[in-house]
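Asks: Please read through the structure below; I'll follow up with questions.
The values are calculated or read from the model by the stated rules, or taken from the named source; none is laboratory data. Given the structure is predicted, the values throughout are model-derived calculations rather than measurements. Glycine also receives a Cβ, built like all others from the backbone with ideal geometry; neighbour counts cover every protein chain displayed. We work out accessible area using only protein heavy atoms, side chains counted, and drop any ligands, DNA or RNA first. Shrake-Rupley method; radii C 1.70, N 1.55, O 1.52, S 1.80 Å.
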Amino acid sequence: MTAKAQGRVIVVTSGKGGVGKTTSTANIGAGLARMGYKVVLIDTDIGLRNLDILMGLENRIVYNIVDVVEERCKLAQALVKDKRMPNLCLLPAAQTRDKSALTPEQMKDVVGELQKEHDFILIDSPAGIEQGFQNAVAAASEAIVVATPEMSSVRDADRIIGMLEAKEEITNYKLILNRVRPDMMKANDMMDVDDVLEILSVKLLGIIPEDQSIIISTNRGEPVVMREGDKVPKATMAYRNIASRIAGEDVPFLDLDTPIPWVERVKNLFKFGAA
Ligand code: ADP
Ligand code: MG
């Protein structure tokens, strides 16, 4: 009998709040599930849970992670199944308990159990570097750092990277640059991707454009990565590509300047024909 491989545990973190951690956790998780992987999302933002809302699952929550560690329910009872994909679920954060209700050791136990049954465990972390952050990182061996191209966000990402470097368990971390506006970068009104990568000296996992479809998706409780059809938003493609890269595929970075992909495809066709 061969032992089943243990799931990969990835923490999504940033230092600064409001830069897109929860959005990225939901979309990467749904993106990996869309590829057929078994995925669980863990919300560690105790008191400020909103991963459930982004997933449209807030009304289905009965138990949460603190109920699990305090043995008021079994782990399986606390997992909320996604409405759209059976291989995606959420372990919700407690909403009202104080932040010390969970310890890094308890977190490791819960994640250890989940690893037996899932390919990916994605952990959404709170802002800052306090208890919640320590819990979120405790059980992870990989990290995704989310930043926006603003000095305050990059500075906080730098601090977080320093903390991740100091953690032996974290073997690999990469950056998502979120809310990118190519027009502003071109006009030198925004730090560009290379500037940020150089300051942070970090590998790039993906770039997400500023995209109002993300806000619409948040309000609908359906991550933008779940949109299907020919004319999906750029953010949908960007998150799908990130999910593929995490799964080990070599996917080129999106050209965010191209407004409509089919125009580009037609242009390429002509280029090919002329060659
Ligand atoms: P965090 O978890 O880091 O605090 P969130 O993921 O909750 O950040 O995002 C904060 C807000 O920014 C949300 O309202 C979200 O819809 C919005 N947002 C995040 N990424 C983008 C984007 N690429 N384009 C537009 N809005 C975004
Ligand atoms: Mg959040």
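Asks: Does segment 13-35 include one or more residues that are touching a residue at least 12 places away in the same chain (Cβ under 8 Å), away from ligand 1 (no atom under 16 Å from the Cβ) and more than 19 Å from residue 214 (Cβ to Cβ)? Quick ask: steps written out before the conclusion?
Replies: The initial filter retains those residues of segment 13-35 that are touching a residue at least 12 places away in the same chain (Cβ under 8 Å), namely 13-35.
From what is left, the residues that are away from ligand 1 (no atom under 16 Å from the Cβ) are 32-35.
In the following step, the residues that additionally are more than 19 Å from residue 214 (Cβ to Cβ) were identified as 35.
Yes, segment 13-35 contains at least one residue that is touching a residue at least 12 places away in the same chain (Cβ under 8 Å), away from ligand 1 (no atom under 16 Å from the Cβ) and more than 19 Å from residue 214 (Cβ to Cβ).
Asks: Within the group 27, 59, which residue is open to solvent by less than 10 Å² (accessible area, probe 1.4 Å) and part of a helix (DSSP H, G or I)?
Replies: 27
Asks: Counting only residues that are surrounded by fewer than 18 Cβ atoms within 10 Å (Cβ to Cβ) and on the phi < 0 side of the Ramachandran plot, which one in segment 43-56 is modelled with the highest pLDDT?
Replies: Among them, the one singled out is 53.
Asks: Mind checking which helices (runs of 4 or more DSSP H) fall wholly inside segment 188-261 and carry at least 3 residues that are of a type in the set (Gly, Ala, Ser)? Quick ask: steps written out before the conclusion?
Replies: Working: elements: 193-200, 212-220, 234-246.
Passing ranges, in order: 234-246.
Asks: When only residues in segment 7-32 that are basic (Lys, Arg) and modelled with pLDDT of 95 or more count, which is nearest to residue 92 (Cα to Cα)?
Replies: Among them, the one singled out is 21.
Asks: A follow-up question, please. Tell me, which residue of segment 195-236 that is within 16 Å of ligand 2 (Cβ to nearest atom) and of a type in the set (Gly, Ala, Ser) is surrounded by the most Cβ atoms within 10 Å (Cβ to Cβ)?
Replies: Filtering segment 195-236 for residues that are within 16 Å of ligand 2 (Cβ to nearest atom) and of a type in the set (Gly, Ala, Ser), the one surrounded by the most Cβ atoms within 10 Å (Cβ to Cβ) comes out as 217.
Asks: So, one more: Within the bounds of segment 175-194, is there any residue that is touching a Phe, Trp or Tyr at 6+ places or on another chain (Cβ under 7 Å) and at negative phi?
Replies: No, there is no match, as no residue in segment 175-194 is touching a Phe, Trp or Tyr at 6+ places or on another chain (Cβ under 7 Å) and at negative phi.
Asks: Right, next: On the given criteria, is residue 4 closer than 23 Å to residue 169 by Cβ, modelled with pLDDT under 95 and either touching a strand residue (DSSP E or B) at 6+ places or on another chain (Cβ under 9 Å) or surrounded by fewer than 20 Cβ atoms within 10 Å (Cβ to Cβ) (or both)?
Replies: Yes.
Asks: Looking at this structure, is residue 111 open to solvent by less than 10 Å² (accessible area, probe 1.4 Å), of a type in the set (A, V, I, L, M, F, W, C) and at pLDDT 95 or above?
Replies: Answer is yes for this residue.
Asks: Need a quick list: strands (runs of 3 or more DSSP E) entirely within segment 77-187 having at least 1 residues that are of a type outside the set (A, V, I, L, M, F, W, C) and within 28 Å of residue 38 (Cβ to Cβ). Quick ask: steps written out before the conclusion?
Replies: Details: elements: 88-91, 120-124, 142-147, 172-180.
It comes to 120-124, 142-147, 172-180.
Asks: From (1) under 26 Å from residue 167 (Cα atoms); (2) without any contact (Cβ under 8 Å) to a residue 40 or more places away in the chain; (3) within 20 Å of the chain's Cα centre (by Cα), pick out the condition that doesn't hold for residue 114.
Replies: So the condition that residue 114 fails would be (2).
Asks: For a quick check of your reading of the model, give me the residue pairs whose first member lies in segment 234-253 and is free of Cβ contacts under 8 Å to residues at least 40 places away in the same chain and closer than 25 Å to residue 216 by Cα, whose second is surrounded by fewer than 16 Cβ atoms within 10 Å (Cβ to Cβ) and among the aliphatic types (A, V, I, L, M), with beta-carbon atoms closer than 8 Å and at least 6 apart or on different chains.
Replies: 241/251
Asks: Looking at 42, 53, 46, which one is within 15 Å of ligand 2 (Cβ to nearest atom) and assigned to a helix (DSSP H, G or I)? Quick ask: steps written out before the conclusion?
Replies: Details: 42 fails: assigned to a helix (DSSP H, G or I); 46 fails: assigned to a helix (DSSP H, G or I).
From the options 42, 53, 46, the qualifying one is 53.
Asks: Within segment 153-174, does at least one residue satisfy the condition of being within 14 Å of the chain's Cα centre (by Cα) and crowded, with 17+ Cβ neighbours inside 10 Å?
Replies: Start the filter on segment 153-174 by keeping residues that are within 14 Å of the chain's Cα centre (by Cα), which leaves 173-174.
Applying the additional criterion that residues be crowded, with 17+ Cβ neighbours inside 10 Å yields 173-174.
Yes.
Asks: Here's something else I'd like to know. Looking for something more than 16 Å from ligand 2 (Cβ to nearest atom), open to solvent by 60 Å² or more (accessible area, probe 1.4 Å) and either charged (D, E, K, R) or at pLDDT 95 or above (or both) - is there at least one such residue anywhere in segment 124-142?
Replies: Within segment 124-142, not a single residue is more than 16 Å from ligand 2 (Cβ to nearest atom), open to solvent by 60 Å² or more (accessible area, probe 1.4 Å) and either charged (D, E, K, R) or at pLDDT 95 or above (or both).
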